[in-house]
1. Using only Cα atoms and rounding to the nearest 10 degrees, what angle (0 to 90) does helix 270-280 make with the longest principal axis of the chain?
2. Describe numerically, in nm with one decimal, the distance between label points set 7 Å from Cα along Cα→Cβ at residue 299 and at residue 104.
3. Helix-only estimate, please: 222 nm mean residue ellipticity of the chain, summing -39500 (n - 2.57) across DSSP H runs of length 4 or more and dividing by its residues, to the nearest 500.
4. What is the gain in length, in nm to one decimal, between residue 275 and residue 466 on full extension, counting 0.36 nm per residue of separation less the C-alpha to C-alpha distance?
5. Starting with the highest mean, order 36-46, 217-227 by the number of other Cβ atoms within 10 Å, averaged over the residues of each peptide.
6. Treat the count of other C-beta atoms within 10 Å as a stand-in for reagent exposure and order 421, 20 from fewest to most.
7. Work out, step by step, the length gained on full extension between residue 341 and residue 124: first 0.36 nm times the residue separation, then minus their alpha carbon distance; give nm to one decimal.
8. Evaluate the Kirkwood expression for the hydrodynamic radius of the stretch 1-77, namely the inverse of the mean inverse distance over all pairs of different C-alpha atoms, and round to one decimal in Å.
Ligand code: ADP
């Protein structure tokens with residue numbers, strides 16, 4: 001087995017705010033079958049340290065970016081973790097990125113620079129004789145790692161994975177010295193971004209290879225409409241860029257064994273879950289499809305367009321249960337929609353167990369994102385026979401075979417995708433959903449196809465391994 005170090009700000013099941021955590025948590029298992037042994041470096045947030053058992057200190061620094069820090073090695077399930085315990089950076093209430101009031105932590109640049117610095121130290125010096133042959137960096141929080149690696153004179157290659165290019169990790173130019181970054185790197189060809197320092201741009205520029213989480217998003221990233229101001233950087237590195245589709249942890253997300261639901265192996269078994277879900281959300285019974293949404297409430301996710309399309313769904317006999325949190329205005333708009341329509345029920349919050357029950361009990365999962373690097377909820381939908389209705393963008397386009405005439409005739413459709421990305425087009429898609437749901441045999445076929453569609457790491461893990469093999473040297 002060849003050693004590699006993954007560097008990330010989240011890792012399921014220990015700490016999760018979105019899909020990044022699921023992927024970071026699942027990749028080590030997937031890559032273990034391909035000859036790569038990953039250790040995963042994550043920050044020692046308060047909630048993470050509380051879950052650690054049997055830790056062993058493997059490194060310490062009396063002054064890491066303003067305070068003492070130590071590195072703890074621990075196993076959690078099948079994960080081999082290195083946890084950076086630095087109380088001045090991570091021991092606080094709130095989320096990994098936001099304080100309890102929902103504002104970015106003012107020292108986020110330092111908090112994640114420290115993570116990158118530690119990754120570089122591990123690679124350059126090794127810990128207790130262990131040294132990675134390659135580093136796998138996830139999103140901007142890991143972006144400075146290859147810059148520090150170069151400063152330390154270490155030669156291991158880095159793979160930078162973009163989970164969402166909307167987040168750049170920007171900080172002010174006068175933070176160069178505080179972040180121990182080289183002045184020479186502060187140029188347009190380096191990590192400067194319109195007068196600021198960008199951690200993501202550092203990663204994109206210094207890494208040996210760049211991956212993103214679906215082939216379509218890899219193409220989209222080169223376009224101004226999706227590149228979020230970094231499309232030029234991506235275009236300049238297009239030779240180094242590859243899109244590898246995310247998979248899901250098919251053990252955690254398995255309707256036949258999921259501890260949170262009534263188990264089932266065929267769509268018929270969803271009925272008990274649907275009854276339970278309808279009751280727990282206080283929704284009326286009905287013949288139309290029970291739709292579910294499990295999502296961050298942010299502009300990206302397009303749930304304002306779903307509000308526009310709600311009357312259409314309701315007029316066709318549909319019902320909707322939504323679980324989400326985020327933007328206060330969207331939260332309020334959805335609470336108001338639930339007050340107005342008996343067919344709509346809303347839970348504001350983050351609830352992993354309820355998410356499982358919703359995938360099991362829903363007939364359809366709606367993902368109307370404006371952009372979506374990969375998207376995991378449509379994959380959970382497929383696995384649970386919960387037909388996905390998705391906007392035709394990013395990984396959503398790569399994972400759902402739409403039920404148009406051709407898809408239905410060929411018998412391969414797994415869901416519904418729509419374009420353009422407007423409330424109107426979504427309304428049409430929802431009407432189509434209700435029609436398909438009324439047609440019992442077509443609907444059963446869709447559900448069966450969905451459940452058979454491969455959504456685990458079988459196809460993608462070898463692609464990561466081949467990429468790792470192609471650039472790594474034994475250390
Ligand atoms: P993103 O990472 O952009 O939020 P993804 O679809 O890639 O979107 O991943 C979202 C992940 O977070 C999924 O595992 C989804 O089930 C989960 N999730 C999102 N919101 C909630 C919530 N309110 N409660 C429970 N799980 C949620």
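Throughout, read-outs are computed from the coordinates displayed, never taken from laboratory work. Just so you know, these numbers come straight off a predicted model, no measurement behind them. Here Cβ is always computed from backbone atoms with ideal geometry, including for glycine, and neighbour counts include all displayed protein chains.
1. Between the helix axis and the principal axis of the chain, the angle is about 80 degrees.
2. 1.4 nm
3. On the way: 19 runs with 180 residues, N = 475.
Using -39500 (n - 2.57) per qualifying helix, the result is -11000 deg cm²/dmol.
4. On the way: separation 191, 0.36 × 191 = 68.76 nm, distance 4.53 nm.
Taking residue 275 through residue 466 to full extension adds about 64.2 nm, to one decimal.
5. Working: 36-46: 21.5, 217-227: 18.1.
Ranking the peptides 36-46, 217-227 by packing returns 36-46, 217-227.
6. Details: 421 16, 20 25.
Ascending Cβ contact count within 10 Å gives the list 421, 20.
7. On the way: separation 217, 0.36 × 217 = 78.12 nm, distance 5.91 nm.
The residue 341-residue 124 span can extend by a further 72.2 nm.
8. Working: mean 1/r = 0.0739 Å⁻¹.
The answer is 13.5 Å.
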